[in-house]
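Notes follow once the structure below has been shown.
The values are calculated or read from the model by the stated rules, or taken from the named source; none is laboratory data. Since we're looking at a predicted model, the values are computed, not measured. Note that we place each Cβ from the backbone using ideal geometry, even for glycine, and neighbour counts take in every protein chain shown.
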Amino acid sequence: MKKKQPLNTFLIVGVGVIFAAGFLLGSLFNRDSSTSILDEALNKILDNTATETDKDSLQRAAIEGMLRSLGDKWSQYLPESESTSFENAVEGQYSGIGVWLRSDESGLVGIAGVVPTSPAEFANLQEGDLIQSVDGETTQDKSLDTVAKLLSGKPNTTAILSVNRSEEILTFSVKRTELRSNPVQLKKLKNEIVLISISEFTRGTARSMRSALAASGSERAGVILDLRGNPGGLLVEATDVAGAFLNGGTVVEFFMPGKSPEIFNAIGDGDSKTPLVVLIDRGTASAAEIVAAALQDRNRAVIVGERTFGKAAVQDLTELSNGAAIELTIGYYLTPNGKRLEGQGLDPDILVSPNESKSVAETRALQVLLGLVASSGVRG
């Protein structure tokens, strides 16, 4: 049997998605069988209720009830359509408007970034905008996942957004389209400094990042790795990205109850010498936190920015026989130094106030990196 790959997800980005044989629904909810108390309850309800319902609705309610009983906010039931969307998101494909989201202390959901050439960019949505509603449904106190689902939809349908921009309420009409994320962006700065931004860890991200690093040339004096607003993604991709800057060793430890910890190591062929600064913020989550924490714990990089989101739960996505899926927390990860980030987040080495703009954080990161370059004797 193929070994399951742990999943580390936040929002619509998945991690190591594994589809195991889904026999659970068939065995627990078989109308023609009375082998379980759940079968018996299902049959009694369907035969006697005065409320209009159906078998599928009751099955979903039962599964969602079981997941709620776990007290785990990350575990969830995904209907077939959402399960398919999840798979596509792992591959970097989705239908939506092209924004990255973040939580805001106001209880609303903010735009952490806008995908280049996306409908959101053409509509003039901007980083920092606070989404008040989507198609008339408020985002107040809604989860990022819930708002992401509101924004997604069939291509060529229109999303109506009410947005708070610097206390001014604006309305945007944005047509959804099929998008493929390009999570890695490279920018050359002064003094042969390279800025590499990674927006999410979909399949192929590490390969793209390594290609960008190689394209920057061997004469680069230093690297800024920007993980701000990155909600996470595939654990294997995150491990490989961290490994690009490490010469082997531990990236993350994965723990499952009752089992021995599993250690994910860097391959051992990374650039362990070029001065490195990592940018983080409160939108940096999950797999992105793994990368930042590994580079911090291994004394490989200086971390600049804000405290991160704090998601250290690892999920496994299991397909059921009806095409739906269960995303279930199966364990937690620890950083190389044994820190658990769940609910805590990662503290930067150099704090930049959340009230400052992104450009201020970038300037501070550049200043720190130039100092590292000077002290290391690397030509800049």
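Results, tabulated for the structure shown:
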{"item": "Unmet requirement for ALA112, which otherwise passes all of (1) small (Gly, Ala, Ser); (2) more than 28 Å from LEU78 (Cα to Cα); (3) crowded, with 23+ Cβ neighbours inside 10 Å", "result": "(2)"}
{"item": "Pairs where the first residue, in the range 174-188, is over 24 Å from LEU161 (Cα atoms) and the second is assigned to a strand (DSSP E or B) and of a type outside the set (Phe, Trp, Tyr), C-beta under 7 Å, 6+ apart", "result": "PRO183/ILE198; VAL184/ILE196; VAL184/ILE198; GLN185/SER197; LEU186/VAL194; LEU186/ILE196; LYS187/LEU195; LYS188/VAL194"}
{"item": "Counted residues, the range 93-114 - those being within 15 Å of the chain's Cα centre (by Cα) and modelled with pLDDT under 85", "result": "8"}
{"item": "Yes/no for GLN367 being of a type outside the set (Ser, Thr, Tyr) and not in a loop (DSSP other than H, G, I, E, B)", "result": "yes"}
{"item": "Matching entry among LEU370, LEU346, LEU341 (being surrounded by 18 or more Cβ atoms within 10 Å (Cβ to Cβ) and either without any contact (Cβ under 8 Å) to a residue 12 or more places away in the chain or farther than 25 Å from LEU101 by Cα (or both))", "result": "LEU370"}
{"item": "The listed residue being within 24 Å of LEU351 (Cα to Cα), out of contact with any Leu (no Cβ under 9 Å at 6 or more places or on another chain) and either surrounded by 16 or more Cβ atoms within 10 Å (Cβ to Cβ) or not assigned by TED's automatic domain parsing to the domain that holds TRP100 (or both), out of ASN230, ASN247", "result": "ASN230"}
{"item": "Within the range 292-313, considering residues that are in a strand (DSSP E or B) and in contact with a helix residue (DSSP H, G or I) (Cβ under 7 Å, 6 or more places away or on another chain), the one surrounded by the most Cβ atoms within 10 Å (Cβ to Cβ)", "result": "GLY305"}
{"item": "Matching entry among SER95, SER106, SER133 (being surrounded by fewer than 21 Cβ atoms within 10 Å (Cβ to Cβ), part of a strand (DSSP E or B) and free of Cβ contacts under 8 Å to residues at least 60 places away in the same chain)", "result": "SER133"}
{"item": "Condition check for ALA206: at pLDDT below 95 and crowded, with 18+ Cβ neighbours inside 10 Å", "result": "yes"}
{"item": "Selection within the range 206-220 - out of contact with any strand residue (DSSP E or B) (no Cβ under 6 Å at 6 or more places or on another chain) and not basic (Lys, Arg)", "result": "ALA206, SER211, LEU213, ALA214, ALA215, GLY217, SER218, GLU219"}
{"item": "Any hit, the range 209-225, residues being more than 23 Å from SER376 (Cβ to Cβ) and either surrounded by fewer than 22 Cβ atoms within 10 Å (Cβ to Cβ) or free of Cβ contacts under 8 Å to residues at least 12 places away in the same chain (or both)", "result": "yes"}
{"item": "Matching residues in the range 26-64 - criterion: being closer than 18 Å to ALA325 by Cβ and either at pLDDT below 90 or out of contact with any helix residue (DSSP H, G or I) (no Cβ under 7 Å at 6 or more places or on another chain) (or both)", "result": "GLY26, SER27, LEU28, PHE29, ASP56, SER57, GLN59, ARG60, ALA61, ILE63, GLU64"}
